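**Student:** My questions all concern the structure below.
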Amino acid sequence: MTATTEKSFKRRLEGIVVSNKGEKTIIVKVSRRYKDKNYSKFVTSTKNYHAHDVDNKAGVGDLVQIIESRPYSKLKKWELIQIKQVQAVD
């Protein structure tokens, strides 16, 4: 396997950065929509993931893509791949 090929069995998620106050750590809020089986309504649920950001590039409000990785700490088991959309600073 070459260095440019990525393994496809790792989960990829997209979300918005909620916090970047940790050293090399960002917190990403990921939303998912599903249909409730009892009420037949669409429900949006959110979950926060701690991700490893090596260069501290991501800012609050950025749309980012994260991938599963080895555990960096107790909570940090995801890694930042790319920043899809940068939040404009006023």
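Coordinate-derived values only; no laboratory data. It should be emphasised that the depicted structure is a prediction, and the values quoted were computed from it without experimental measurement. Reconstructed Cβ throughout: ideal geometry from the backbone, glycine too, with neighbour counts over all protein chains shown.
**Student:** In segment 41-70, which residues have a backbone nitrogen under 17 Å from the label point lying 7 Å from Gln85's Cα in the Cα-to-Cβ direction?
**Tutor:** From segment 41-70, the list is 58-66.
**Student:** Taking chymotrypsin sites (Phe, Trp or Tyr not before Pro) as exposed when DSSP calls them loop (any state but H, G, I, E, B) and at most 11 other Cβ atoms lie within 10 Å, what is the longest stretch of the chain free of them, the sites themselves excluded? Kindly include the intermediate steps, with their values, before the conclusion.
**Tutor:** Details: sites that count: Phe9, Tyr39.
Within the chain, the longest run free of exposed chymotrypsin sites (Phe, Trp or Tyr not before Pro) spans 40-90.
**Student:** Hey, got the Cα dimensions of segment 12-85 along the principal axes, in Å, largest first?
**Tutor:** Result for segment 12-85: principal-axis Cα extents of 44, 26, 19 Å.
**Student:** For segment 13-19, take each phi angle, set θ = phi - 60°, evaluate the Karplus expression 6.51 cos²θ - 1.76 cosθ + 1.60, and give the result in whole Hz per residue in order, putting x for glycine and proline.
**Tutor:** In residue order, the calculated couplings are 10, 10, x, 10, 6, 9, 8 Hz.
**Student:** At most 13 other C-beta atoms within 10 Å and a DSSP loop state: those are the exposed trypsin sites (Lys or Arg not before Pro) I care about. Give me the longest piece of the chain that has none. Let's see the in-between values first.
**Tutor:** Numbers: sites that count: Lys7, Lys10, Arg11, Lys37, Lys41, Lys74.
By the stated rule (loop sites, at most 13 other Cβ atoms within 10 Å), 42-73.
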